[in-house]
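Asker: First the structure, then my questions, so here it is.
The values are calculated or read from the model by the stated rules, or taken from the named source; none is laboratory data. Small disclaimer: the values here were computed from a predicted structure and weren't measured. Heads up, the Cβs are rebuilt from the backbone with ideal geometry, glycines too, and the neighbour counts pull from every protein chain shown.
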Amino acid sequence: MHTAADLATLIDRHAAHDGPLLPILHDVQAVFGCISPAAEAQIARALNLSRAEVHGVVSFYHDFTATPDPRPCVELCRAEACQARGVDALVDAAEAAAGERVRLKAVYCLGLCSVGPAARVGDALHARLDAASLARLVQSA
C-alpha cells in the first residue's frame, strides 16, 4: 500500500519543473496503479491547482484510471497504418485469447508503422503480428 508520503515524493520529483502535472500523473499511475480521488486532491494542493483541473486532465487521458486493474495489459495498435496492414482482422482472435484474464487496450500508434500490426506488453514491442502470433502473445501476458 502506498502512502501520502510516497505520493509526496513523486510530486516533489517534478514540482519544480515547468509543466509538472502530466509527469506526476504518469508516475502516480505507474507506481500506484491508478490515480485515486485522494491522489488528485493531494496533487492539486501541491501544484496550487483546483481538484477539478487535475481531475479534468486525469479523465481526459485514457492512460489514467481511477481504480487499479491488476490484469496484464496488451496494447494493440489500431492506428491507420496497422489498420492498413490488417489489425482489424486480428481483434476477434485477440479478444478470444484474452478472455477476462488479460486486458486488451487499443492504442493509436506504437511507432512501428512499417512492420504492423503491432502490440506492446509492458516495454516490449511486437511487430508483424498475425492472428496466431497475437493470440500467443496475449496468452503469454
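Asker: Test of understanding: among 45, 128, which residue is more than 30 Å from residue 8 (Cα to Cα), among the basic types (Lys, Arg) and either modelled with pLDDT under 90 or more than 20 Å from the chain's Cα centre (by Cα) (or both)? Write out each step before concluding.
Answerer: Working: 45 fails: more than 30 Å from residue 8 (Cα to Cα).
One residue alone meets the criteria, 128.
Asker: Show the residue pairs meeting these rules: Cβ distance below 9 Å; 6+ apart or different chains; first residue within the range 108-132 and hydroxyl-bearing (Ser, Thr, Tyr); second residue surrounded by 15 or more Cβ atoms within 10 Å (Cβ to Cβ) and assigned to a loop (DSSP other than H, G, I, E, B).
Answerer: Taking only residues 6 or more apart or on different chains, the pairs are 108/78; 108/79; 114/85; 114/127.
Asker: Here is a follow-up. Please state which one of 79, 89, 30 is on the phi < 0 side of the Ramachandran plot and outside the structural domain of residue 115 (by TED's automatic domain parsing).
Answerer: None of the others qualify; the one that does is 30.
Asker: Quick one: in the range 10-30, which of the residues that are surrounded by fewer than 13 Cβ atoms within 10 Å (Cβ to Cβ) and part of a helix (DSSP H, G or I) is modelled with the lowest pLDDT?
Answerer: Narrowing the range 10-30 to residues surrounded by fewer than 13 Cβ atoms within 10 Å (Cβ to Cβ): 12, 16-19, 30.
Of the ones still in play, those that are also part of a helix (DSSP H, G or I) are 12, 30.
Details: 12: 92, 30: 88.
Ranking the candidates gives 30 first.
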